[in-house]
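To start, the structure itself, in structure tokens.
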Amino acid sequence: QATDPFVKAAKAEGYRSRAAYKLIALAEKYRLFKPGQRVVDLGAAPGGWLQVAVERVRPGGRVVGIDLSEIAPVTGASLLRGDVEDPKLAPRLRAALGGAADLVLSDMAPPTTGHAETDHLRILGLAEAALALAGEILAPGGGFVVKLRQGGGEPEYFQAVKARFTTVMRAKPPASRSESSEIYLVARGFKPD
């Protein structure tokens, strides 16, 4: 951690986590943000992705973060506590945004058990919940970014995302540790049912 350049940069630049640089890299490569967008960050604690989103949707944008844990306030973001699998969450998010979302972000990861297969299934479950929620709150044409682990179930999930969006790309930003199996799917052009 002490020698990690992204940890050092996060401290120097005031980001709450090194994960902020994953979103910055994805945002720059895929042009995720525009001023005025409505953005939801699922599993937002500790708030690094919220900070990046708030910076990039100014002026006029709205950013809402949701997490099971309490999140320290982030200037410019609205924060909700809740579970992404709660069926009552979608209307709460729409109300907080003042309408449909233009972009849904999910960097969610469950606490690890140390058992690779179990951890993979748990992160896949969260990714499935994120996709289901995105389907309820995204505006037509909206975008979706979700963290996954490579392995069993990932190709089927990729196809499920592809069925709902016009384009889906796999990405591994530089701030993702090289030994990690994490990847991100970046989807654009949401197609409502």
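The values are calculated or read from the model by the stated rules, or taken from the named source; none is laboratory data. Note that the structure is predicted; figures quoted are calculated from it, not measured. FYI the Cβ positions are ideal-geometry reconstructions off the backbone, even for glycines, and counts take in every protein chain you see. Heads up: the accessible areas ignore ligands, DNA and RNA and are worked out on the full protein's heavy atoms, side chains in. Shrake-Rupley method; radii C 1.70, N 1.55, O 1.52, S 1.80 Å.
So which trypsin sites (Lys or Arg not before Pro) in the stretch 68-142 pass both tests, a DSSP loop state and at most 11 other Cβ atoms within 10 Å of the Cβ?
K88
Would you mind computing, in nm to one decimal, how far apart the modelled labels at K29 and K162 are, each placed 7 Å from Cα along Cα→Cβ?
Simple spin-label model gives 1.9 nm for this pair.
At a Förster radius of 22 Å, what calculated FRET efficiency corresponds to the Cβ-Cβ distance of A139 and D193, to the nearest 0.05?
In this case the efficiency is close to 0.95.
Scanning the chain for GluC sites (Glu not before Pro) in DSSP loops with at most 12 other Cβ atoms within 10 Å, what's the longest stretch left with none?
My reading of the result: 71-178 is the longest stretch.
Out of the stretch 149-182, which trypsin sites (Lys or Arg not before Pro) are coil in DSSP terms and have no more than 14 other C-beta atoms within 10 Å?
Those that pass, being in a loop and sparsely packed, are R177.
Determine the calculated [θ] at 222 nm for the chain from helices alone, applying -39500 (n - 2.57) to every DSSP H run no shorter than 4 residues and normalising by the residue count; nearest 500 deg cm²/dmol.
Computed mean residue ellipticity for the chain: -11500 deg cm²/dmol.
Taking the alpha-carbon centroid of each part, what is the distance from the stretch 1-26 to the stretch 61-118 in angstrom?
About 21 Å separates the Cα centre of the stretch 1-26 from the one of the stretch 61-118.
Calculate what fraction, in whole %, of the accessible area of the chain sits on carbon and sulfur atoms when a 1.4 Å probe is rolled over the protein chains.
The computed percentage sits at 53.
Students often forget the sequence filter, so: which lysines lie under 30 Å Cα-Cα from K8 once same-chain residues fewer than 8 apart are removed?
Those lysines meeting the cut-off are K22, K29, K34, K147, K172.
Given springs between every Cα pair under 10 Å in a Gaussian network model of the chain, which of L50, L68, L126 has the largest fluctuation?
Evaluated over the chain, the most mobile residue of the options is L68.
Which of (i) 26, 24, 16; (ii) 29, 19, 14; (iii) 22, 21, 16 is the computed semi-axes √(5λ) of the Cα gyration tensor in Å for the structure on display?
Label (iii) holds the value from this structure.
Which of the helices in the chain meet the span-like rule: DSSP H, Cα axial reach of 30 Å or more, Kyte-Doolittle mean at least -0.5?
116-137
Quick one: P(r) of the stretch 20-124 from all Cα-Cα pairs, 10 Å bins, percents rounded to integers, in order of increasing distance.
Bins of 10 Å from zero give 15, 45, 31, 8, 0 percent of pairs.
Only bridges whose two residues both fall in the stretch 1-131 count here: according to DSSP, what percent of them are antiparallel, nearest 5?
Restricted to the stretch 1-131, the bridges split so that about 0 percent are antiparallel.
Which of the aspartates and glutamates could a cross-linker bridge to K88, judged by Cα under 15 Å and excluding same-chain residues fewer than eight apart?
Hits, sequence-local ones excluded: D67, E136.
Going by amide H atoms built from the backbone, whose H comes under 5 Å of the H on R149, apart from near neighbours?
I183
Which FRET efficiency value, to the nearest 0.05, do you get for D83 and T112 by plugging their Cβ-Cβ distance into 1/(1 + (r/R0)^6) with R0 = 22 Å?
E(calc), rounded to 0.05, equals 0.70.
Please give the per residue accessible area of the stretch 1-117, computed with a probe of 1.4 Å over protein heavy atoms only, in Å².
51 Å²
From the Cα gyration tensor of the stretch 70-109, with a ≥ b ≥ c the square roots of its eigenvalues, which class applies: rounded if a/c is under 1.5, or else prolate if a/b is larger than b/c, or else oblate?
It is rounded, given that a/c, with a ≥ b ≥ c, falls under 1.5.
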